[in-house]
Amino acid sequence: MFEMNILIVTTGGITRVFRNWPEVLLAKALVRRGHNVRAFTYYDAKSDALGVRAENIDGVQVERIQENGWLTREFWNALTRAPKPDVIHIQHLRNKFAFQAAYYAQRENIPYVVTPIGPLHDQYLSRDRDRPLDTEPLYHNLIWSRREILNRAARDGRVKRHVENYFMHYAVHHANMVIACSEHERNIWANIGIESETIPLWVDVPFISNLRGENYQQEFSRPVILFVGQFKYRKGFDVLARAMPDVLRDFPNATFLFVGHSPIHRRELEMIAKKDGTSEHLQILERVSEEDKVRLYNSADVYVLPTRYEGFGLPPLEAMAAGCPVIASDIPVVDEVVQHEYNGLLVPRDNPRALAETIARVLRDENLRARLIQNGFETLKGFDENDLVARNENVYERVMKKIAAVPA
């Protein structure tokens, strides 16, 4: 593979704070494989992770730019003054920089690829982003052309909404290649008429493995049931909260540990526990370091992902790498990572009683726990960084050759 100049355009995913976000893992791995990697991401002066305008992160040249909508002069100036890349990789469908990056790539005849990561996060494709699997996707609702903006605006006058719809989907519509994170996602794009290639995400297994055996500094009453994720209804924090009484009947000393860097519905979580009389068993940690997150996996007896939808779902892989048994919702995408009775247990979504029964089963059965943990280690071999980065490189090379073959 020859050396490439690669520009990654994303939201906030390349930082020193979050090690397992897809963009930072990809960017650093590409640098290790001999490529020159620049990244344009969001700037946020109030954020610990995004508050530095420019920095080098393990060889990745990161420039952060204020996000001020879909059309920003600062981002356009950054694009046009930077060295012209060989390929641009745009991450996330709702990335406010995506439209201008795609337009610039087309203008300059630069191949670009898009990794949307979870199309049902799209408010124009889903009736309810917290429960997108409850209804069929709104395929007909996406806007692909400026003419359609005018047609819809003439009917309802909602110009701003239709313009945003167009901007949001422009990059994926015109991409030289779309990279889906799962077969479920690839099928969604196929239903829209967009060809894509599946390349899963991965986690930093060496980092997690090096911390194996280190427990979190705080002691908790056992057994410890761990939730890691945003406190959003999409993540199903409320499902686990409602399962607590049934688990506590069998394990009266259990601790339910909720860890999330975006505690948007913390109050609702606390209200459920108060109503059910389980508050004294609830522990909430809003922000922990990446090292302490691994230590929490190490300290837990089981990790639970009661999610209603995932674009991919990295925590199950994190838990497997830490040797923590996994229970997750039986939904598309998740079931491509967690295989029932092999490397984890799957339960029907939105079913607190079934979740409680499954948690109790894992806590009671040491042989089951040992089997799930060992098979989790085996599963990680299928999410090997070198293999998955090489597949991304192969996509870059193909789209570069395709562009080069087109007469100017």
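The values are calculated or read from the model by the stated rules, or taken from the named source; none is laboratory data. Because the structure is a prediction, the values reported are computed rather than measured. Backbone-built Cβ (ideal geometry, glycine too); neighbour counts: all protein chains shown.
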| field | the stretch 378-399, residues that are farther than 18 Å from residue 313 by Cβ and in contact with a helix residue (DSSP H, G or I) (Cβ under 7 Å, 6 or more places away or on another chain) | value | 389, 392
| Looking only at the stretch 139-174, and only at residues there that are of a type in the set (Gly, Ala, Ser) and in contact with a helix residue (DSSP H, G or I) (Cβ under 7 Å, 6 or more places away or on another chain), the one that is nearest to residue 89 (Cα to Cα) | 171
| task | For the stretch 362-381, enumerate the residues that are charged (D, E, K, R) and exposed (fewer than 14 other Cβ atoms within 10 Å of the Cβ). | result | 364, 365, 366, 378, 381
| message | Return the residues of the stretch 301-343 that are among the aromatic types (Phe, Trp, Tyr) and modelled with pLDDT of 95 or more; say none if nothing qualifies. | response | 303, 309, 342
| remark: Checked the stretch 308-332 for anything part of a loop (DSSP other than H, G, I, E, B), crowded, with 24+ Cβ neighbours inside 10 Å and touching a Gly at 6+ places or on another chain (Cβ under 6 Å); matches are none
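Could you check, for the stretch 224-232, whether at least one of its residues is modelled with pLDDT of 95 or more, buried (at least 20 other Cβ atoms within 10 Å of the Cβ), not aliphatic (A, V, I, L, M) and not assigned by TED's automatic domain parsing to the domain that holds residue 106?
Restricting attention to the stretch 224-232, the residues satisfying the condition of being modelled with pLDDT of 95 or more are 224-228.
Next cut, buried (at least 20 other Cβ atoms within 10 Å of the Cβ) only: 224-228.
After this cut, where a residue has to be not aliphatic (A, V, I, L, M) as well, the list is 227.
The next check asks that each one be not assigned by TED's automatic domain parsing to the domain that holds residue 106; those that pass are 227.
Yes; the residues of the stretch 224-232 include at least one that is modelled with pLDDT of 95 or more, buried (at least 20 other Cβ atoms within 10 Å of the Cβ), not aliphatic (A, V, I, L, M) and not assigned by TED's automatic domain parsing to the domain that holds residue 106.
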| said: Restricting to the stretch 234-253, count the residues that are outside any helix (DSSP H, G or I) and surrounded by fewer than 24 Cβ atoms within 10 Å (Cβ to Cβ). | reply: 3
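Among the residues of the stretch 1-21, write down those that are in contact with a Pro (Cβ under 7 Å, 6 or more places away or on another chain) and surrounded by 21 or more Cβ atoms within 10 Å (Cβ to Cβ). Give the derivation first.
If we filter the stretch 1-21 for residues that are in contact with a Pro (Cβ under 7 Å, 6 or more places away or on another chain), which is where we start, we get 5-7, 13.
Passing the criteria: 6, 7, 13.
If you check 24, 31, which single one turns out to be outside any loop (DSSP other than H, G, I, E, B), surrounded by 14 or more Cβ atoms within 10 Å (Cβ to Cβ) and under 16 Å from the mean Cα position of the chain (by Cα)?
Details: 31 fails: under 16 Å from the mean Cα position of the chain (by Cα).
None of the other options fit; the residue is 24.
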| query | Taking the stretch 369-405 only, how many residues are over 21 Å from the mean Cα position of the chain (by Cα) and closer than 30 Å to residue 112 by Cβ? | reply | 11
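Determine whether the stretch 75-98 contains at least one residue that is touching a Cys at 6+ places or on another chain (Cβ under 7 Å), in a loop (DSSP other than H, G, I, E, B) and closer than 24 Å to residue 329 by Cβ.
Looking for residues that are touching a Cys at 6+ places or on another chain (Cβ under 7 Å), in a loop (DSSP other than H, G, I, E, B) and closer than 24 Å to residue 329 by Cβ, one finds none in the stretch 75-98, hence no.
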| Conditions: (1) of a type in the set (A, V, I, L, M, F, W, C); (2) surrounded by 24 or more Cβ atoms within 10 Å (Cβ to Cβ); (3) more than 28 Å from residue 128 (Cβ to Cβ). Residue 288 meets all but one. Number of the miss? | (2)
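Specify the residue that is farthest from the chain's Cα centre (by Cα); the eligible residues are those in the stretch 87-146 that are among the β-branched types (Val, Ile, Thr) and either surrounded by fewer than 19 Cβ atoms within 10 Å (Cβ to Cβ) or at positive phi (or both).
Keep residues of the stretch 87-146 that are among the β-branched types (Val, Ile, Thr), which gives 87-88, 90, 110, 113-115, 117, 135, 143.
After this cut, where a residue has to be either surrounded by fewer than 19 Cβ atoms within 10 Å (Cβ to Cβ) or at positive phi (or both) as well, the list is 117, 135.
Values: 117: 6, 135: 22 Å.
Only one residue tops the list, namely 135.
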